[in-house]
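> Encoded as structure tokens, here's the structure I'll be asking about.
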Amino acid sequence: MASKAATNSQLAARLSAAVPRGISVATPMFVARAENSEVWDVEGRRYIDFAGGIAVQNIGHRHPRVMAAVRAQLDAFTHTAFQVTPYEVYVRLAERLNDLAPGSLPKKTIILSTGAEAIENAVKIARAATGRPAIISFAGGFHGRTMMALALTGKINPYKVGFGPFPGDVFHAAFPDTYRSVTVEQSLASIEQLFRADVEPSRVAAIIIEPVQGEGGFNVAPPAFMRALRDLSDRHGILLIADEIQTGFGRTGKMFAVEHSGIAPDLITIAKAIGGGFPLSAVIGRADVMDGPIAGGLGSTFAGNAVSCAAGLAVLDVMQEEGILARAQKLGEHVAERLHTMQSDRRFTCIGDVRGLGPMLAMEFVKDRASKAPAPELAKSITAKAAERGLIVISCGIYSNVVRVLMPLTMSLEMADEGLGILEASVLDALAKF
Ligand SMILES: Cc1ncc(COP(=O)(O)O)c(C=O)c1O
């Protein structure tokens, strides 16, 4: 039974007694309710949400059209297992996603529950379709917390510590990094080096890349790099997988981030924002590739849950009918300008870099701009100070020194400004400590 009027600190004590420490909580408050871009805690305190449930609430918490679609589905049925007794809402969502995905070849889609599950399935499909075992991913990349997804992930601490051994035949190449001077040419050379030293291209099933690294620190893959990967994959019969789990569904101002470079991947993984707050993910891909696994080779009890599919269809309707991409672009320009203004202010020499794509934006904090020495403690202190001041904001980055903004794309410019004001004050608060 729900406890009556528990406080944040009472609940925090129960949490640490009942939940393992491996789940490390970013914001020391307990949610009571949420609406569009705001969250209220159990003590009635209001927060502006710059995290959006980690890039999930792109159309805002509890969008009325998502709520209505979910309610209608609840009144019909919730779960039958799609592979036992199928239902139209899954098929309709697959059709809509097939139509949306870039590229002119016919598409098919499998619907799943979580991002990591989409990654696992993309790897299975790529291996079955090519008959090859190896996968190339990138340093700094993040693909989830199941074993294969962890093997692909290119950041050790905290994700991989203590969990090995991981599945083999996974190789990490260098991801371009403008701020830390890793060029597109160097990244491509690192793949050629893998081909010389570790795995011949004819054994590689797929290259998997986030068009903008999410957990890795919002590093943007330059369009020239994405196009070079497309060429290289075609040359060697390798499949190109775009992991759009964090970048997808408007987060970068386009439906899919790969649209910025104009390439069509063979497979795309999506999750997070497609579900509008419900567990929903998918692999969308070229029909001939998606049909690689044998009949019965794919599936899962809850994959393509009817309630989640209904939410996903409503999210697509909202994206298309409520001008979300145009709002996202406007929001992105507005927030980018404010962050660059902060960076050029002499009080904020700790901001080494401001980067991102559209409204997917972040600031990298450094001890000084000349050495670019990462300042993870400062970033941690900033997010903590922000929570005290009523802003939910989270960090990321291979050095854990990047503060990212993932607000709902439906947030008003006024509320974004209010949140950015809090963020600015929180940086000053944190600096006073160092
Ligand atoms: C790019 C990317 N891939 C995969 C995942 C894993 O998704 P999930 O946490 O839903 O398993 C994430 C989650 O943050 C992600 O950002």
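> How far is the Cα center of the range 306-347 from the Cα center of the range 73-105, in Å?
Between the Cα centres of the range 306-347 and the range 73-105 lies a distance of 25 Å.
> Compute the Rg to Rh ratio over the range 104-158 from the alpha carbon atoms, using the Kirkwood formula for Rh, and round to two decimal places.
On the way: Rg = 12.5 Å, Rh = 12.3 Å.
Reported Rg/Rh (Cα atoms, Kirkwood Rh): 1.01.
> For the charge dipole of the range 68-140, defined by +1 on Lys and Arg C-beta atoms and -1 on Asp and Glu C-beta atoms about the Cα centroid, which residue among Gly115, Ala81, Ser104 has the Cα displaced farthest towards the positive pole?
Value: Ser104.
> Name the residue from Phe365, Val318, Gly332 whose Cα lies farthest towards the positive end of the charge dipole of the range 316-434, charges +1 on Cβ of Lys and Arg and -1 on Cβ of Asp and Glu.
Positive-most Cα among the choices belongs to Phe365.
> Which value, in Å³ per residue, describes the convex hull spanned by the Cα atoms of the range 152-222? All intermediate terms of the calculation are to be shown ahead of the outcome.
Values: hull volume 7.5 nm³, N = 71.
Cα-based convex hull of the range 152-222, divided per residue, equals 106 Å³.
> Per DSSP H run of n ≥ 4, the term is -39500 (n - 2.57); total these for the chain, divide by its residue number, and report the mean residue ellipticity at 222 nm rounded to 500 deg cm²/dmol. The partial results should precede the final answer.
On the way: 13 runs with 166 residues, N = 434.
Helix-only estimate at 222 nm: -12000 deg cm²/dmol.
> Where does the chain land on Rg/Rh, using Cα atoms and the Kirkwood Rh? If you can, show how the numbers build up before the last one.
Details: Rg = 21.4 Å, Rh = 22.3 Å.
Here Rg/Rh amounts to 0.96.
> Taking a virtual spin label 7 Å from the Cα of Asn157 along the C-beta vector, which residues in the range 381-405 bring their backbone nitrogen under 16 Å of it?
The answer is 381, 396-402, whose backbone nitrogens lie closer than 16 Å to the label point.
> Still on this model: Suppose R0 equals 22 Å; then what is the FRET efficiency for Arg21 and Arg180 from their Cβ-Cβ distance, rounded to the nearest 0.05? Provide the component values of the computation, followed by the final result.
Working: r = 31 Å, r/R0 = 1.43.
It comes to 0.10.
> On a full-extension model of 0.36 nm per residue, what is the gain between Ala224 and Arg33, subtracting their alpha-carbon distance, rounded to one decimal in nm? Working shown, then result.
Working: separation 191, 0.36 × 191 = 68.76 nm, distance 4.34 nm.
Net length gain for the segment: 64.4 nm.
> Taking the Cα centre of the range 327-394 as origin and charging only Cβ (+1 Lys, Arg; -1 Asp, Glu), how large is the dipole, in debye to the nearest 20? Walk me through the numbers before you get to the answer.
Numbers: 12 positive and 8 negative charges, 15 e Å.
In debye, rounded to 20, the range 327-394 gives about 80.
> Filter Lys155/Lys380; Lys107/Lys254; Lys155/Lys385 down to the pairs with a C-alpha to C-alpha distance above 22 Å, please.
Details: Lys155/Lys380 18 Å; Lys107/Lys254 20 Å; Lys155/Lys385 26 Å.
Over 22 Å apart, Cα to Cα: Lys155/Lys385.
> Using +1 at the C-beta of Lys and Arg and -1 at the C-beta of Asp and Glu, which of Tyr47, Leu152, Gly162 has the Cα lying farthest in the positive direction of the dipole of the chain?
Gly162
> What fraction of the Cα pairs in the range 1-109, stated in percent, has a spacing above 16 angstrom?
Value for the range 1-109: 74 percent of Cα pairs lie more than 16 Å apart.
> If I model a spin label as a point 7 Å beyond the Cα along the Cα-Cβ vector, how far apart are those points for Gln83 and Glu259 in nm?
Between Gln83 and Glu259, the simple spin-label model gives 3.3 nm.
> Taking every alpha carbon pair in the range 218-362, what does the distance histogram look like in 10 angstrom bins from 0, in percent?
10, 31, 32, 20, 6, 1, 0
> Across the Cα atoms of the range 189-231, what radius of gyration and what greatest pairwise Cα-Cα distance (Dmax) are found, in Å?
Rg, Dmax (Cα atoms, Å): 12.0, 32.
> Next question. Around Ala257, what is the net charge, scoring Lys/Arg as +1 and Asp/Glu as -1 over all other residues with Cβ under 9 Å from its Cβ?
Numbers: positive: Arg251, Lys254; negative: Glu210, Glu244, Glu259.
Result for the local shell: -1.
> Can I ask one more? Can you tell me what share of the DSSP beta bridges in the chain is antiparallel? A percent to the nearest 5 is fine.
On the way: 34 of 50 bridges.
Of those bridges, close to 70 percent are antiparallel.
Each reported figure results from applying straightforward, stated rules to the coordinates on display, with no laboratory input. Owing to the predicted nature of the structure, the values given are computational and were not obtained by experimental measurement. Don't worry about glycine lacking a Cβ; one is built from the backbone with ideal geometry, like all the others, and counts go over all protein chains shown.
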